[in-house]
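Working notes for the structure below.
FYI, it's all coordinate maths here, none of it is from the lab. From a predicted model like this one, the values you see are computed outputs, not experimental measurements. Cβ: placed from backbone, ideal geometry, glycine included. Neighbour counts: every protein chain shown.
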Amino acid sequence: MTFKRGWLLRRAQVQAVVKASLGIREGEILALVGESGCGKTTLGKIMAGLLKPTSGEVLYKGKEIWRMKKEDFQEYRRNAQIVHQDSYAALNPMRTIYHTLSAPFLHYRIAKNRGEAREKVAELLELMGLTPPEEFLDKYPHQLSGGMRQRVVLARAVSLNPKLIVADEPVSMIDVSLRLSILDLMHTLNEKFGIAFLYITHDLATARYFVKGGRIAVMYLGQVVETGRLGEVIGKPRHPYLQALLSAVPVPDPKKAREKRPLPLRSLELPDPTKPPTGCRFHPRCPYTEEICAQEIPTLRPLDGRQIACHLAERIPEWHLL
């Protein structure tokens, strides 16, 4: 996926997502983690059908979504919903909660009239834990807290019974004390309705809590560098980038914190995305880099029950999470 960035004096192209292969099964939870600007949100929007990639395919039940007939593509868009990071920006400040949540019911004729739509919205609010619903129906977004607004955004995504929800940093702008309640709600929706979740985050702690027995994919500068079962990947990371991420996570136990071995990176600077490094994009910072790393782009390949994009994965010392 390539974007053009415009400046006053020059133009530059940014390859937001490069040769990223990512699949999600029905009812599955998959976490997509990485630093800000690595392409997580772009990949999520591509999966939701909101962005068309400049090359490659997006397959749904074996069909390329951008070659679908109009009605089939609309059905796909109905089945793939997105929850944005900023709940206030995601809601129209001029519309009440009822008007926001009733629109999908009326547009798709799930409700026959406004009275039935109001009943369905009330049921949806109860499902989201916004009770009694009568207190929320006629309120505006600015009258709700951040956690409440995010529940409304989640309710709108769930209203059409989707197969997939792309949750883009859904708790990063919510008070820390409320984050677990939102993640628990999403987990309940996954178990109750079989909704698959692509959970996009830079926070490994919330990824571990929400994904549990699911899978995780790690991105760096537009490329997926490691993916597999969360417990195996986090507990025994093989890619140097993931090892560096985990080594930077604070440990609450003072004894373990003193024993923790930081990964000495060659550089702390993130490369310019308009001029990405040749070969492996992590090689200018990687402590294990060799000549092949600067010459050839590594592709995802199976190793120890996961997929990893690293030329030297078999020779890199094991790094265990304390």
Positive-pole candidate from Leu300, Thr278, Val83, dipole of the chain, charges at beta carbon: Thr278
With a point put 7 Å past each Cα toward its Cβ, work out how far Val251 is from His99 in nm, to one decimal. 5.5 nm
By the gyration tensor of its Cα atoms, with a ≥ b ≥ c the square roots of the eigenvalues, what is the shape of the stretch 202-274: rounded for a/c under 1.5, prolate for a/b over b/c, or oblate? oblate
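Determine the gain in length on full extension of the stretch Leu270-Met68; use 0.36 nm per residue of separation and subtract their C-alpha separation, reporting nm with one decimal. Could you put the intermediate results ahead of the total?
Values: separation 202, 0.36 × 202 = 72.72 nm, distance 3.85 nm.
Result: 68.9 nm gained on full extension.
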Contour minus Cα-Cα span, Glu75 to Glu134, at 0.36 nm per residue, comes to 18.1 nm
Pop the C-beta distance of Ala89 and Glu116 into the FRET formula with R0 = 25 Å and round what comes out to the nearest 0.05. 0.25
Quick query: amide H of Val225 versus all other amide H atoms, modeled in the peptide plane; which residues come in under 5 Å with a sequence gap of 5 or more or a different chain? Val218, Met219, Tyr220
About the Cα centre, and with charges only on the beta carbon of Lys, Arg (+1) and Asp, Glu (-1), how big is the dipole of the stretch 95-139? Nearest 20 debye, please. 300 debye
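Taking the highest mean first, how do the peptides 203-209, 293-299, 222-228 order by number of other beta carbon atoms within 10 angstrom per residue?
The packing order, highest mean first, is 222-228, 203-209, 293-299.
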For the stretch 158-310, give the magnitude of the charge dipole about the Cα centre (Cβ charges: +1 Lys/Arg, -1 Asp/Glu; no others), in debye to the nearest 20. 400 debye
In a solvent-free Debye calculation with one equal scatterer on each Cα, what is log10 I(q)/I(0) for the stretch 188-322 at q = 0.13, 0.14, 0.18, 0.19 Å⁻¹, listed in the order of the q values? -0.60, -0.69, -1.08, -1.18
On a full-extension model of 0.36 nm per residue, what is the gain between Leu178 and Arg315, subtracting their alpha-carbon distance, rounded to one decimal in nm? 45.1 nm
Shape of the stretch 30-125 from its Cα gyration tensor (a ≥ b ≥ c, root eigenvalues): rounded if a/c is under 1.5, otherwise prolate when a/b > b/c, or oblate? oblate
All-pairs Cα distance distribution in the chain, expressed in whole percent, bin size 10 Å: 5, 24, 31, 24, 12, 4, 0
With the charge dipole of the stretch 95-139 built from beta-carbon charges (+1 for Lys and Arg, -1 for Asp and Glu) about the Cα centre, the Cα from Asn113, Ile97, Leu127 projecting farthest to the positive end belongs to Asn113
Roughly how big is the chain's charge dipole about its Cα centre, with Cβ charges of +1 (Lys, Arg) and -1 (Asp, Glu), in debye to the nearest 20? 660 debye
Helices from the chain with mean Kyte-Doolittle at least -1.0 and a Cα length along the axis of 24 Å or more, per DSSP H: which? 176-193
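So if we plug the beta-carbon distance of Glu35 and Ser145 into 1/(1 + (r/R0)^6) with R0 = 25 Å, what FRET efficiency do we get, rounded to 0.05?
For R0 = 25 Å, the calculated efficiency reads 0.30.
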Using only alpha carbons, build the gyration tensor for the stretch 95-139 and give me the equivalent ellipsoid semi-axes, biggest first, whole Å. 17, 11, 8
